[in-house]
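Coordinate-derived values only; no laboratory data. What you see is a predicted model, and the numbers here were worked out from it, not measured in a lab. No Cβ is skipped: glycine too gets one built from the backbone with ideal geometry, and neighbour counts run over all protein chains shown.
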Ligand SMILES: Cc1cc2nc3c(=O)[nH]c(=O)nc-3n(C[C@H](O)[C@H](O)[C@H](O)COP(=O)(O)OP(=O)(O)OC[C@H]3O[C@@H](n4cnc5c(N)ncnc54)[C@H](O)[C@@H]3O)c2cc1C
Ligand code: SF4
Ligand code: SF4
Ligand code: SF4
């Protein structure tokens, strides 16, 4: 019997998180680099055939797939603490630098051996990297709105390191949680980002930026989705923008079925929405999250009760689910296995 992930792939709702590649004991699955996909309507993310010919049906991959696991109805159910924060060392970061700041501080204190991250070159082509020092973290600052199978890098990390931190968008944070629960306990900390959607490389780098925004990739310093627009800041100080609705329709298919905005399965979630410009919104969700944030607190400035706060986060959770929940439940009806949107406290 083929693993459940075969259906996730066939129905084009595979988030390409890379978890199945990380855990398959015989290396039977490979998540293609999203860069290789030229047609955004053809989401055949897998090297089909070869992989499944050697599949031994152990179903490990099915136990770590966030789509097989489904979503949680109330994604703020496990928020223990919510506050604003910014790292005292945040130059080059997307917002307040909390994501990089946590990792840098933990590396300096010798609390983690390795973390996964995404770097990019001048042309904004991303690359998944294993980080082993505070210096390595510098290379990963800034948001890339393209998608990469970050968790696939865990395959190598599990072989070489014992205390691993994962940072990624909600589908990746969810899959990392499932790996930690079901397969490998070496993941000591999961930092989840907030995420409305992401894009295939080619769509972002060959269509949205050059054709819609009419900007050269190598001139770009920073990209940002905020306040209803997609903003591109260039090195010469110019600012270009288009309404989000003009680009959101090009988001990847799984993102149109995704019902997690705030990384409900992370230990610590980090975003920009809910906090003032230049700050991060921070959600502590687990005991592990509390423990690790306490270790790095001295390297952060904290803002209690940030504005606009959780009210805006809740509004955006609702916006993301509108349509997406319906799309996901329609696919669930086609699956041969039970999944959906669970009404449960985690
Ligand atoms: C695709 C995407 C969509 C997002 N949408 C929202 C949103 O709607 N609302 C919101 O509040 N926040 C959103 N964020 C999060 C936000 O952009 C910042 O990442 C977050 O606020 C942390 O800021 P920082 O200054 O601490 O990050 P930094 O200190 O700059 O660190 C950035 C970290 O993000 C990682 N990273 C960058 N790109 C990716 C990627 N594509 N996949 C996985 N990891 C990546 C890097 O490895 C690095 O560890 C999104 C992020 C991504 C990647
Ligand atoms: S069922 Fe087992 S062998 Fe087959 S792809 Fe999944 S993890 Fe690999
Ligand atoms: S584990 Fe991730 S990459 Fe694998 S099928 Fe599921 S969503 Fe896709
Ligand atoms: S919306 Fe974000 S979290 Fe959801 S599948 Fe897309 S990239 Fe992953």
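Would you compute, from DSSP H runs of 4+ residues alone, the mean residue ellipticity of the chain at 222 nm, taking -39500 (n - 2.57) per run and dividing by the full residue count, rounded to the nearest 500? Numbers along the way, then the final one.
Numbers: 11 runs with 95 residues, N = 346.
The per-residue figure over the chain is -7500 deg cm²/dmol.
Which residue fluctuates most in the GNM of the chain (Cα springs below 10 Å): 66, 308, 170? Per the Cα network of the chain with a 10 Å cutoff, 308 tops the list.
Kindly identify region 202-346 as rounded, prolate or oblate by the Cα gyration tensor criterion: order the square roots of the eigenvalues as a ≥ b ≥ c, call it rounded if a/c is under 1.5, otherwise compare a/b with b/c, prolate if a/b is larger, else oblate. Judged from the Cα gyration tensor, region 202-346 comes out oblate (a/c at least 1.5, b/c at or above a/b). Dimensions of region 47-127 based on its C-alpha atoms, expressed as ranges along the principal axes with the largest first, amount to 51, 39, 29 Å.
Projecting label points 7 angstrom from Cα along Cα→Cβ for residue 336 and residue 242 puts them 4.1 nm apart.
Across the chain, C-alpha contacts under 8 Å between residues 6 or more apart give a mean separation that, scaled by the residue count, equals a relative contact order of 23 percent. Computed from the C-beta positions of residue 235 and residue 132, the FRET efficiency with R₀ = 35 Å rounds to 0.70.
Using Cα springs under 10 Å in a Gaussian network model of the chain, which residue among 67, 79, 264 shows the largest mean-square fluctuation? Result for the chain, Cα springs under 10 Å: 79 fluctuates most. Each peptide in 291-299, 102-110, 8-16 was scored by the mean count of other Cβ atoms within 10 Å over its residues; highest first, the order is 8-16, 102-110, 291-299.
Once you reduce region 230-285 and region 153-176 to the center of their Cα atoms, the two points are 21 Å from each other. Among 244, 284, 190, the residue with the largest mean-square fluctuation in a Gaussian network model of the chain, with springs joining Cα atoms closer than 10 Å, is 244. Could you work out how much longer the chain between residue 89 and residue 123 gets when fully extended? Use 0.36 nm per residue separation minus the Cα distance between them, nm to one decimal. 9.7 nm is the gain from fully extending residue 89 to residue 123. Going by Cα centres, region 290-309 and region 117-131 are how many Å apart? Answer, in whole Å: 27.
The overall shape of region 201-248 is oblate: from the C-alpha gyration tensor, with semi-axes ordered a ≥ b ≥ c, the ratio a/c is 1.5 or greater and a/b is no larger than b/c. Rg and Dmax of region 96-251, based on Cα coordinates, read 16.5, 49 Å.
Placing a label point 7 Å from the Cα of residue 298 along the Cα-to-Cβ direction, the residues of region 69-100 whose backbone N falls under 16 Å from that point are 88-89.
Legend: ranking of residues 262, 345 from fewest to most surrounding C-beta atoms inside 10 Å; resulting order 345, 262.
Quick check: from the Cα gyration tensor, does the chain come out rounded (a/c under 1.5), prolate or oblate? Mind dumping the intermediate values first?
On the way: a/c = 1.34, a/b = 1.16, b/c = 1.15.
Rounded shape, in that the Cα axes give a/c under 1.5.
Each of 229, 315 was scored by other Cβ atoms within 10 Å of its Cβ. Listed from fewest to most, they are 315, 229. Dividing the mean sequence gap of close Cα pairs (under 8 Å, 6+ apart) by how many residues region 201-248 holds gives a relative contact order of 26 percent.
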